[in-house]
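A.B. asks: Have a look at this one.
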Amino acid sequence: MTLIQITQPAPVATEQPGERQNGAGLVQISPLDSPRSNSEALAPKKLCSSSTAIAPKKLYIKTWGCQMNVYDSKRMADVLRPLGYSEVSEPDDADFVILNTCHIREKATEKVFSELGRLKKHKTRRETEGKSTITAVAGCVAQAEGDVITERVNHVDLVFGPQAYHTLPEMIAQLTGAYGANRIINTDMPTEAKFDLLPEEETAPSTPVAFVAVQEGCDKFCTFCVVPYTRGAEFSRPTKQILTEIRNLVAAGAREIQLLGQNVNGWHGIGLNGETSNLGRLIYQIAEIDGVERIRYTTSHPRDMHDELYAAHRDVPQLMPFLHLPVQSGSNAILKAMNRKHDRDEYFRIIDKLRDYRPDMALSSDFIIGFPGETDQDFADTMEMIERVKFTSAYSFKYSQRPGTPAAILTHQIHESIKDLRLQTLQNQVTTHQQEFNKSFEGKIVPVLFERSGNKPGQIMGRSPHMQSTYVLIPPHQIDRMIGKTMDVCITGGYQGSLAGDLVTT
Ligand code: SF4
């Protein structure tokens with residue numbers, strides 16, 4: 001068996017840069033002994049155009065995790081489309097199966113292995129029918145644990161990290177060519193190349209909300225987080241490229257643009273004048289594109305808030321009054337142990353300033369409960385912060401160790417029963433605030449951008465400016481023509497997780 005491994009070791013890697021393993025048929029091509037960089041070696045010059053007819057093939061992508069992964073999956077489909085692949089919703093008869101993984105949640109790797117177990121049956125059945133299937137593991141689990149995957153599962157053909165999907169045509173050619181490898185691991189970390197291979201025209205988005213990755217990677221190194229190791233250093237796409245992509249998306253039917261990045265408000269791409277820009281400035285420019293009705297951005301870091309971004313919240317009507325601003329803990333001691341590089345007072349100052357500029361701003365956050373060493377007082381500080389800010393939603397999780405991160409080896413791990421109790425207390429409080437916030441909308445008229453049909457007959461779902469899911473009943477035959485429209489809705493019910501209302505007719 002030939003296995004090609006292309007890897008630029010990240011800090012969690014067990015091997016050293018340039019190390020070459022010769023056992024078990026594994027060849028590592030490292031940047032130190034390659035005449036060209038890996039990205040150069042693999043980067044496609046352009047997608048091939050051939051006069052030979054391309055056989056249609058089926059592609060199944062299963063995506064876990066954040067919107068960035070959803071975005072990457074869409075781009076994988078874009079890269080593979082010229083090779084004849086069209087997406088299907090079930091893996092049963094797919095020629096190519098990609099598991100695009102997330103490493104943030106607990107037991108992420110185990111979930112991938114159990115999915116691979118299920119996929120093996122499809123692969124075996126198709127083999128008996130004389131059909132081959134390429135099975136790939138992509139994303140952050142692939143980046144962090146590619147070696148483990150290939151060691152444990154022999155029916156995986158491709159393992160590639162989040163920065164390598166633009167090389168899919170080359171990887172497939174290496175797998176299927178006359179002198180093809182049996183397996184490929186590509187965890188190289190070139191930064192910009194993957195964004196250079198965007199389609200000139202966008203396919204129509206399935207909802208009027210389109211996601212645009214403007215920034216990727218992280219240099220912050222919070223002690224609990226794997227992202228700096230799996231996504232690499234912070235990289236910002238240039239303004240011109242972003243504006244072109246958004247214009248294409250709007251032409252294809254998008255109405256709301258959600259800008260994505262691990263530290264999206266730290267975006268610092270090259271502006272149209274050739275100088276370094278910032279996210280606030282970029283938002284002003286996006287707002288000038290005809291047809292952009294709404295703009296949001298996620299995920300932000302408190303340290304990257306800046307004056308032009310505050311001003312954009314005041315000046316740009318399309319910028320929605322909702323911000324997800326993770327804080328993780330309300331305790332200064334825990335924030336320090338997490339290496340967040342800001343304290344609770346700084347977070348409060350940011351919230352106050354945002355509300356000075358945009359008084360109706362709603363906020364959500366992330367919380368990690370039971371970080372090593374978290375005392376009752378630390379947790380009380382977090383609860384006090386929640387009471388003061390009154391978040392309208394929050395993602396909260398019990399701390400769990402991530403191999404390779406500094407916090408994983410900290411002593412004073414918190415007992416599960418204490419974490420459970422604290423998590424429940426926190427979630428109850430956030431739920432109360434969410435309910436109160438949604439209830440306060442009863443009787444108000446809210447502009448709702450409709451995204452899709454609801455689960456009940458005649459139900460249509462959209463979002464308010466504050467990101468509340470809003471449900472309206474209309475005649476079923478009108479649903480299709482309503483999707484993509486922003487309509488005024490009179491709110492008749494405010495519940496914990498949603499609003500209900502009636503269309504305002506004039
Ligand atoms: S800022 Fe911290 S939590 Fe966010 S991606 Fe970077 S290291 Fe992870």
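The values are calculated or read from the model by the stated rules, or taken from the named source; none is laboratory data. These figures come from a predicted structure and were not determined experimentally. Using ideal geometry, Cβ is built from the backbone for each residue, glycine included, and neighbour counts are taken over all protein chains shown.
A.B. asks: Given the conditions (1) farther than 23 Å from G291 by Cα; (2) surrounded by fewer than 17 Cβ atoms within 10 Å (Cβ to Cβ), report the number of the one that M338 does not fulfil.
C.D. replies: Against the list (1) farther than 23 Å from G291 by Cα; (2) surrounded by fewer than 17 Cβ atoms within 10 Å (Cβ to Cβ), M338 comes up short only on (2).
A.B. asks: Here is a follow-up. Do you know which residues across the stretch 460-484 are polar (S, T, N, Q), under 26 Å from Y297 (Cα atoms) and surrounded by fewer than 19 Cβ atoms within 10 Å (Cβ to Cβ)? Walk me through how you get there before you give the answer.
C.D. replies: First, pick out the residues of the stretch 460-484 that are polar (S, T, N, Q): 464, 468-470, 478.
With the extra rule that they be under 26 Å from Y297 (Cα atoms), the set shrinks to 464, 468-470.
Within the stretch 460-484, just S469 meets the criteria.
A.B. asks: So P475 ticks every box in (1) of a type outside the set (D, E, K, R); (2) touching a Cys at 6+ places or on another chain (Cβ under 9 Å); (3) at pLDDT below 95 but one. Which box is left unticked?
C.D. replies: Going through the list (1) of a type outside the set (D, E, K, R); (2) touching a Cys at 6+ places or on another chain (Cβ under 9 Å); (3) at pLDDT below 95, P475 breaks only (2).
A.B. asks: If a residue has to be surrounded by fewer than 17 Cβ atoms within 10 Å (Cβ to Cβ) and either within 15 Å of the ligand (Cβ to nearest atom) or touching a residue at least 12 places away in the same chain (Cβ under 8 Å) (or both) to count, how many in the stretch 358-372 make the cut?
C.D. replies: Filtering the stretch 358-372 for residues surrounded by fewer than 17 Cβ atoms within 10 Å (Cβ to Cβ) gives 359-360, 366.
Next cut, either within 15 Å of the ligand (Cβ to nearest atom) or touching a residue at least 12 places away in the same chain (Cβ under 8 Å) (or both) only: 360, 366.
Total satisfying the criteria: 2.
A.B. asks: Follow-up. Given the conditions (1) assigned to a helix (DSSP H, G or I); (2) touching a residue at least 24 places away in the same chain (Cβ under 8 Å); (3) of a type in the set (S, T, Y), and given that S86 satisfies all but one, which numbered condition is not satisfied?
C.D. replies: The number of the failed condition is (1).
A.B. asks: Out of the stretch 151-169, which residues are over 25 Å from the mean Cα position of the chain (by Cα) and either crowded, with 17+ Cβ neighbours inside 10 Å or not in a helix (DSSP H, G or I) (or both)?
C.D. replies: Correct list: V153, N154, H155.
A.B. asks: Would you pick out the residues in the stretch 232-266 that are within 17 Å of the chain's Cα centre (by Cα) and hydroxyl-bearing (S, T, Y)?
C.D. replies: Passing the criteria: only S236.
A.B. asks: Right, something else. When you go through K398, K390 one by one, which is the residue that is basic (K, R) and on the phi < 0 side of the Ramachandran plot?
C.D. replies: K398
A.B. asks: Do we have any residue at all in the stretch 300-316 that's closer than 20 Å to S236 by Cα and in contact with a strand residue (DSSP E or B) (Cβ under 6 Å, 6 or more places away or on another chain)?
C.D. replies: Checking the stretch 300-316: at least one residue is closer than 20 Å to S236 by Cα and in contact with a strand residue (DSSP E or B) (Cβ under 6 Å, 6 or more places away or on another chain).
A.B. asks: Considering only residues of the stretch 447-459 that are charged (D, E, K, R) and in contact (Cβ under 8 Å) with a residue 60 or more places away in the chain, which is surrounded by the most Cβ atoms within 10 Å (Cβ to Cβ)?
C.D. replies: Top of the filtered list is E451.
A.B. asks: What's the number of the condition I184 fails, among (1) part of a strand (DSSP E or B); (2) within 24 Å of the chain's Cα centre (by Cα)?
C.D. replies: Failing condition for I184: (2).
A.B. asks: Now for a separate question. Among the residues of the stretch 469-498, which ones are touching a residue at least 40 places away in the same chain (Cβ under 8 Å) and either of a type outside the set (G, A, S) or assigned to a loop (DSSP other than H, G, I, E, B) (or both)? It would help to see each step written out before you state the result.
C.D. replies: Applying the first criterion (touching a residue at least 40 places away in the same chain (Cβ under 8 Å)) to the stretch 469-498 yields 483-484, 486-498.
Answer for the stretch 469-498, where residues must be touching a residue at least 40 places away in the same chain (Cβ under 8 Å) and either of a type outside the set (G, A, S) or assigned to a loop (DSSP other than H, G, I, E, B) (or both): I483, G484, T486, M487, D488, V489, C490, I491, T492, Y495, Q496, G497.
A.B. asks: Next question. I need a count of the residues in the stretch 373-400 that are over 21 Å from I418 (Cβ atoms) and either within 16 Å of the ligand (Cβ to nearest atom) or not β-branched (V, I, T) (or both).
C.D. replies: Filtering the stretch 373-400 for residues over 21 Å from I418 (Cβ atoms) gives 388-393.
Subset that is either within 16 Å of the ligand (Cβ to nearest atom) or not β-branched (V, I, T) (or both): 388, 390-391, 393.
Residues that pass the stated criteria total 4.
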